[in-house]
Amino acid sequence: MHMPGMTHGTRHDRNHIAKLARRAIAELPEPFRGRAREVQLRIADMPDAQMLRDLGLHDPMTLTGLYEGVPLTHKSVSYPSPTPDTIWLFVAPIMSEWHDRGDVDLSDLVTNVVVHELAHFFGWSDDDIAAIDRWWE
């Protein structure tokens, strides 16, 4: 079913990915779970052009998720975040990776993306994350 303005993922895909992401957060151990619930979860079909420019990316299908905000390790009461911390999940790239891989459950893929983006919220770099999570191998 095609709906105007919904060119990449179906409403069902967006709703399903949102449900899987909320479940991944709910299953985190404390104290991570409580802090993770403070982060706004946004689901979009694709990253927008500004996000791609900011990251120096050309292919939107390479970006499955994005953390926007100030990591906890950089926050203080004297430096409040001007915008809410947000994790973006991008339906078309997630679904494409899931189909291309063919060897991973969609729930596991979404959990991996959510945890990766939450790691940025908690102050981890991509190198820190890669040291313990070799997901792409």
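Please treat every number below as a calculation from the coordinates, not as lab data. Keep in mind it's a predicted model, so treat the numbers as computed, not measured. All Cβ positions, even for glycine, are placed from backbone atoms using ideal geometry, and neighbour counts span all protein chains on display.
Overview of results
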| item | result |
| --- | --- |
| Point-to-point label distance, HIS12-HIS58, nm (Cα→Cβ direction, 7 Å offset) | 3.6 nm |
| Local electrostatic count, PRO47, Cβ distance below 13 Å [Lys/Arg +1, Asp/Glu -1] | -4 |
| Neighbourhood charge, 9 Å Cβ-Cβ cut-off, centred on ALA26 and excluding it, Lys, Arg +1 and Asp, Glu -1 | +3 |
| SER125/GLU38 FRET efficiency (R0 22 Å; Cβ-Cβ; nearest 0.05) | 0.60 |
| Cα-projected label distance for ARG23 with ASP100, points at 7 Å along beta-carbon direction, nm | 2.4 nm |
| Sites LYS75 and ASP48, calculated FRET efficiency, Cβ-Cβ separation with R0 35 Å, nearest 0.05 | 0.85 |
